[in-house]
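Chemist: Before I ask anything, let me first share the structure, which is written out below as structure tokens.
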Amino acid sequence: MSLRPLVLAAACALSAFSSLALAAASVGAAAPDFSLTDSNGKAHTLAEYKGKTVVLEWNNPECPFVKKHYSSGNIPKQQADATAAGAVWLTINSGADGKQGHVDGAGANAFLAQYNAKPTAYLLDPDGKAGRAYGAKTTPHLYVIDGGGVLRYMGGIDSIASTDKDDLPKATQYVPQALAELKAGKPVSVATSQPYGCGVKYGS
Amino acid sequence: MRTLLASVLLAPASALAAASAPFAGDHVALSLVSENSALVPGQTAWLGLRLQHDPHWHTYWINPGDSGLPTKLAWHLPDGFSAGEIAWPTPRRFDVGELYTFGYDGDVLLPVPLAVPAAASGAAHLVLDAKWLVCQEECIPGKATLTLELPIAAAAKRDADAARFAQARAAQPQTGKWKAAARIVGDRIEVSLRGADLGSGAGVDAFAQDGKVVANAPPRFSRRDGAAVLTFAKSDYFTSIPRALELIVLKPGAAAMRVRALFDATP
């Protein structure tokens with residue numbers, strides 16, 4: 001058997017997958033650090049929140065899936081409950097400038113005010129660096145990081161992929177569930193789920 | 001009032017088309033169509049949801065890919081009637097930057113089999129609740145209720161829309177006689193195909209019906225020991241090894257093939 005074609009194939013496969021690398025984050029591993037400015041111009045890094053549980057929520061104000069979870073009060077309530085319990089909730093927008101879903105600071109603040117949503121901060125990631133580091137694909141897309149900086153949940157907001165608010169009472173909300181389990185020192189029963197939503201519009 | 005007007009305008013002069021009044025949604029028009037102009041007792045008839053997308057807008061396949069939502073159907077049928085699952089035509093891949101989705105644009109028909117009971121008589125009033133997500137850069141969810149009344153007859157005549165059903169059948173993935181095996185190699189999944197004429201691999205593409213095994217990006221093609229090998233990245237949401245992986249393999253100029261690759265227990 002000739003070794004060379006196998007080596008070439010492997011080399012091709014590796015280079016292809018580096019371009020496929022939309023996922024450096026995995027449950028059980030250290031969550032990637034980031035440095036982003038929020039909607040009020042203040043800088044935030046993941047590292048500064050070491051010791052606290054951190055929730056990351058990828059957002060696009062015009063996405064019908066995001067609107068389902070905001071207009072119903074579902075995400076605003078989860079943000080309020082999580083921050084009241086001492087967690088940090090960071091809403092992140094990785095939409096590239098000029099692409100659908102991108103917001104500036106004023107737009108982000110207007111969106112939050114519209115729904116009376118109070119995350120710890122709304123972070124702007126227009127060059128997509130944080131989004132790509134986490135493999136964020138949809139809005140919403142949720143991640144829960146424990147106080148030690150380890151990723152403990154990544155995936156969808158809940159268990160029913162739809163744009164219908166009527167599905168909310170029947171769905172399992174994965175973030176409050178994970179936060180409660182972490183607080184009780186239990187393993188996270190659903191550590192990953194398929195995220196659903198609108199695609200994140202990264203720049204090229 | 002609007003739908004009544006539409007159905008009057010669209011009825012062809014020669015015969016009443018067996019189609020519901022079209023629903024004009026945002027960027028996509030939908031109608032419930034029938035292959036035949038009558039339903040025959042004891043037989044399986046074919047109905048379909050026709051979607052006419054505005055240019056550059058698309059709806060999604062059963063596995064929508066990295067984002068999106070598949071079109072969902074809920075039927076309200078007379079006693080004894082039952083509708084099966086959508087016979088999804090081969091979708092196309094949409095490349096949205098670093099994300100990949102699967103679905104349909106243009107004018108497409110999603111066929112559904114309808115079992116007609118042996119005791120059926122008179123006419124059948126068929127109601128379909130359809131939900132979809134249509135996207136270009138932005139996404140717009142939609143829903144509609146479409147109704148169709150069809151006579152029950154001893155023999156069915158092919159309807160004006162019959163050609164669309166023939167096209168939808170031709171667009172189905174075919175079941176291949178290829179021998180396919182899958183195995184996990186680190187963070188990749190390799191599927192080897194024997195008996196497949198995929199040539200040099202130029203233009204070959206493949207994607208899975210289940211979103212939680214392989215990632216949605218196109219696989220790399222290689223040859224090894226006389227077999228074609230498709231190497232995929234693992235899905236970020238891979239939890240456990242399934243018994244088998246259902247793939248659709250596309251080669252330019254050939255029919256799309258449905259392949260079932262059993263996972264290899266041996267390393």
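Chemist: Please state the equivalent ellipsoid semi-axes for the stretch B:34-137: what are the square roots of 5 times the Cα gyration tensor eigenvalues, largest first, in whole Å?
Modeler: 32, 12, 11
Chemist: Could you tell me the center-to-center distance, by alpha carbons, between the stretch B:72-86 and the stretch A:86-118 in angstrom?
Modeler: Their Cα centres are 42 Å away from one another.
Chemist: Sort A:Thr138, A:Thr83 so that the residue with the fewest other Cβ atoms within 10 Å of its own Cβ comes first and the one with the most comes last.
Modeler: Ordered from fewest to most neighbouring Cβ atoms within 10 Å, A:Thr138, A:Thr83 come out as A:Thr83, A:Thr138.
Chemist: Within 10 Å of each Cβ in B:135-148, how many Cβ atoms from other chains are there, averaged over the peptide?
Modeler: Across the residues of B:135-148, the mean count of other-chain Cβ atoms within 10 Å is 3.
Chemist: Please compute, for peptide A:193-202, the average count of beta-carbon atoms on other protein chains lying within 10 Å of each residue's beta-carbon.
Modeler: 6
Chemist: Output the pairs from A:Lys68/A:Lys137; A:Lys137/A:Lys186; A:Lys67/B:Lys143 with a Cα-Cα distance over 25 Å in this structure; if there are none, say none.
Modeler: A:Lys137/A:Lys186
Chemist: With a 10 Å radius around each residue's Cβ, average the other Cβ atoms per peptide and rank B:62-68, A:185-191, A:146-152, highest first.
Modeler: B:62-68, A:146-152, A:185-191
Chemist: If you don't mind, another one. Please order B:Arg258, B:Arg169 by the number of other Cβ within 10 Å, starting at the fewest.
Modeler: In order of increasing Cβ crowding within 10 Å: B:Arg169, B:Arg258.
Chemist: Given axes a ≥ b ≥ c from the Cα gyration tensor, I'd like to know whether the stretch A:110-176 is rounded (a/c under 1.5), prolate (a/b larger than b/c) or oblate.
Modeler: It is oblate, given that a/c is not under 1.5 and a/b is not larger than b/c.
Chemist: How large is the helix-only mean residue ellipticity at 222 nm for chain A, computed as the sum of -39500 (n - 2.57) over DSSP H runs with n ≥ 4, divided by its residue count, in deg cm²/dmol to the nearest 500?
Modeler: -9000 deg cm²/dmol
Chemist: With a ≥ b ≥ c taken as the square roots of the eigenvalues of the C-alpha gyration tensor of the protein assembly as shown, please select rounded if a/c is under 1.5 and otherwise prolate if a/b is larger than b/c or oblate if it is not?
Modeler: Here the protein assembly as shown falls in the oblate category.
Chemist: While we're on this one: Tell me the mean residue ellipticity at 222 nm calculated for chain B from its helices only (DSSP H runs of n ≥ 4, each -39500 (n - 2.57), averaged over every residue, nearest 500).
Modeler: Calculated at 222 nm, the ellipticity per residue is -2000 deg cm²/dmol.
Chemist: Tally Lys/Arg at +1 and Asp/Glu at -1 over every other residue whose Cβ is under 15 Å from the Cβ of B:Arg194; what's the total?
Modeler: +2
Chemist: Pairing the Cα long axis of helix A:74-84 with the longest principal axis of chain A, what angle in degrees results, from 0 to 90 and rounded to the nearest 10?
Modeler: With both axes taken from Cα atoms, the answer is about 80 degrees.
Chemist: A further question on this structure: Any chance you could list the semi-axes, whole Å, largest first, of the equivalent ellipsoid that the Cα gyration tensor gives for chain A, using √(5λ)?
Modeler: Taking √(5λ) for each Cα gyration eigenvalue gives 29, 20, 18 Å.
Chemist: Sort chain B into rounded, prolate or oblate with this rule: let a ≥ b ≥ c be the square roots of the eigenvalues of the Cα gyration tensor; rounded if a/c is under 1.5, and if a/c is not under 1.5, prolate when a/b is larger than b/c, oblate otherwise.
Modeler: The shape class here is prolate.
Chemist: Averaged across B:236-249, how many Cβ atoms of other chains sit within 10 Å of each residue's Cβ atom?
Modeler: That average works out to 2.
Chemist: Ranking B:Arg220, B:Arg188 by Cβ neighbours within 10 Å, fewest first, what do you get?
Modeler: Starting with the residue having the fewest Cβ neighbours, the order is B:Arg188, B:Arg220.
All of the numbers you see were taken from the coordinates with simple rules; none came from a lab. Just so it is clear, the structure is predicted and the values come from calculations on it, not from any experiment. Note that we place each Cβ from the backbone using ideal geometry, even for glycine, and neighbour counts take in every protein chain shown.
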